Amino acid sequence: TPTLEPRTSKKLPVPYVNEAPSGNWSGPWKNACEEASIAMVEFYYQGKTSATIADAEKFMTMLFEEQNAKYGNNLNSDGVHMKYLIDNFTNFTGEIIRNTTIEQIKEQIDQDHPVISLHYGFALNNPNIPFLRTGTSYHMMVIIGYDDAARQFIVNDDGDTKTGAGHRYGYELFMN
């Protein structure tokens, strides 16, 4: 019997949603990476491979409103707030895992589960993300795949205005 080689790369067809879908970076849209990340995963589980600006804005607006009702605002929501939104307003459930490993993330991708990840944005060294030095450095995106040969995660980085869909971050940089 032939021996199967272990998988060395995989990419899920998760639709890309920018955190400011129509390019309006004011109001809640300037800090909407959390809502955009949830929207991408929700649309993926709905079987969509793309999302319209109107659909993204409608879903994300609902998430803003639910956060405002529960927490009094929708700014820089943490993992606990995001899990609440995921568990109550999407077709999937969330689990908070701290100090995860590259292998744990790859296992989720191999099971066809995109992974929402939280980061210190400045450490990503992505010049296409418009972080302001006086603003927040909190960032969230969706891991949609990996490439062991290149030692990179493939992500939909909702804050990257130029190369966000399928952007790649090296394992070490990303895990820091």
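The values are calculated or read from the model by the stated rules, or taken from the named source; none is laboratory data. Here the structure is a predicted model, which means the values were calculated and not measured. Note that each Cβ is placed from the backbone with ideal geometry, even for glycine, and that neighbours are counted across all protein chains shown. Accessible surface is based on the protein model in full, side chains and every heavy atom, while ligands, DNA and RNA are left aside. Shrake-Rupley method; radii C 1.70, N 1.55, O 1.52, S 1.80 Å.
The value obtained for the range 61-142, namely the Cα convex hull volume divided by the number of residues, is 126 Å³ per residue.
Computed from the alpha carbon atoms alone, the convex hull of the range 95-152 holds 103 Å³ per residue. Taking the helices alone, the chain has a mean residue ellipticity at 222 nm of -10000 deg cm²/dmol, built from -39,500 (n - 2.57) per DSSP H run of at least 4 residues and averaged over all its residues. If only the Cβ of Lys and Arg carry +1 and only the Cβ of Asp and Glu carry -1, the dipole of the range 82-165 around its Cα centre is close to 420 debye.
Among the lysines of the chain, pairs that are 8 or more positions apart or on different chains and have alpha carbons within less than 26 Å of each other number 23. Residue-wise HN-Hα couplings along the range 88-100, as the Karplus relation 6.51 cos²θ - 1.76 cosθ + 1.60 with θ = phi - 60° gives them from phi, are 10, 9, 10, 8, 9, 10, x, 9, 8, 10, 9, 6, 5 Hz; Gly and Pro carry x.
To the nearest ten degrees, helix 33-45 and the longest principal axis of the Cα atoms of the chain are 60 degrees apart.
Computed with every protein chain present, the accessible area of residue 45 is close to 90 Å² [probe 1.4 Å].
On a per residue basis, the convex hull of the C-alpha atoms belonging to the chain measures out at 124 Å³.
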